[in-house]
Amino acid sequence: EGRRALVQAAFCYAIWGVVPVYWKLFSAVPPLQALATRMVWSCAAVVALCVLVKRTRFLYLFRDPRAVRTFLASGLIVSCNWGVYIWAANSGHLLQTSIGYYLCPLFTIVLGMVFFKERLTPMQTVATVLAALGVGYFIVANGGDIWIAFALALTFSVYGAVKKKGGYPALPGMAFESLLTGLIGAVALIVGAAAPWIWQLVPATPDPMAVTGPVADMALLAGCGVLTAIPLLLFSAAANRISLTVIGFIQYVSPTIALVLAVAFFGEQFTMAHGIC
């Protein structure tokens with residue numbers, strides 16, 4: 001079970017590492033609209049997988065007030081994380097997202113030690129100190145321009161802690177969480193259809209890779225449901241089987257891939273501070 005969870009977590013973070021390329025394809029869509037659409041389509045993908053493929057029952061969780069509180073909280077937290085990430089990835093701040101996810105494991109490890117009484121081995125302690133020094137240097141070198149990194153790190157580490165504290169089975173819990181966030185996303189789309197100016201509160205920053213055709217946009221937005229559902233299901237399964245400390249270290253797969261993409265393919269500046277971090 002432990003080895004399976006390690007593989008699930010590794011695949012999850014590898015997928016998340018390449019997701020920025022996908023988001024750039026429909027960067028012409030305003031971030032708030034993209035977020036609401038992602039919430040709806042991820043709901044459709046997760047519920048379809050659980051009900052039609054896995055025959056998983058999850059509506060019984062509506063009768064559990066603790067489950068409603070847990071998954072409403074985790075759904076809102078991860079939606080905030082998605083929103084910041086979509087905007088940052090499409091606005092030329094992909095390196096900042098990478099730093100955020102380098103910082104996130106440190107937050108995750110601290111939460112594991114404080115709330116779940118996890119302990120570090122001597123080598124894990126050395127690794128944690130080195131990572132903290134690298135991220136700390138970057139924060140000092142960049143002054144106050146680190147809110148993206150902090151927002152991503154804080155929201156996702158808290159999301160993982162809430163999921164682990166809940167302790168619900170991965171598939172029913174993920175389906176229930178997706179249903180709650182999907183309903184919120186649907187309400188947002190209805191409001192946006194009635195008042196389109198709302199989407200312009202956070203205007204789009206189209207990338208040269210952006211797809212502008214309405215049919216292609218709809219296909220990409222539908223596809224993002226699957227792209228969202230698969231890694232979240234892998235994460236939920238892994239979080240219930242291995243410690244937050246171990247998950248924290250595996251998280252470094254994702255920002256490393258994002259950093260390479262930002263510098264090698266999207267032309268973002270790589271400074272000495274990034275290198276030291």
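The values are calculated or read from the model by the stated rules, or taken from the named source; none is laboratory data. Just so it is clear, the model here is predicted, and its values are computed rather than measured. Because the Cβ atoms are built from the backbone with ideal geometry, glycine has one as well, and the counts that use them run over all protein chains shown. All accessible areas refer to the heavy atoms of the entire protein, side chains included, with ligands and DNA or RNA removed. Shrake-Rupley method; radii C 1.70, N 1.55, O 1.52, S 1.80 Å.
Numbers for the structure displayed
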{"read-out": "Accessible area of residue 21 in the full protein assembly, 1.4 Å probe (Å², nearest 10)", "value": "50 Å²"}
{"read-out": "Rounded Å value of the spacing that divides the Cα centres of the stretch 5-32 and the stretch 68-131", "value": "15 Å"}
{"read-out": "Net +/- balance of residues flanking residue 261 in space, Cβ distance below 15 Å, scoring K and R +1, D and E -1", "value": "-1"}
{"read-out": "Bins of 5 Å, starting at 0 and running to the largest distance - Cα pair percent for the stretch 213-277", "value": "4, 12, 14, 15, 16, 16, 14, 7, 2"}
{"read-out": "Rg(Cα)/(2.2 N^0.38 Å) for the chain, N = residue count", "value": "0.99"}
{"read-out": "Within the accessible area of the stretch 62-161 (1.4 Å probe), percent carbon and sulfur", "value": "75 percent"}
{"read-out": "Order by protection proxy (mean Cβ within 10 Å, highest first), peptides 236-246, 199-209", "value": "236-246, 199-209"}
{"read-out": "Student exercise, the stretch 1-134 dipole from Lys, Arg, Asp, Glu Cβ charges, in Debye to nearest 20", "value": "460 debye"}
{"read-out": "The stretch 100-227 shape via C-alpha gyration tensor axes, a/c threshold 1.5", "value": "oblate"}
{"read-out": "Cα centroid separation - the stretch 209-236 against the stretch 149-198, whole Å", "value": "16 Å"}
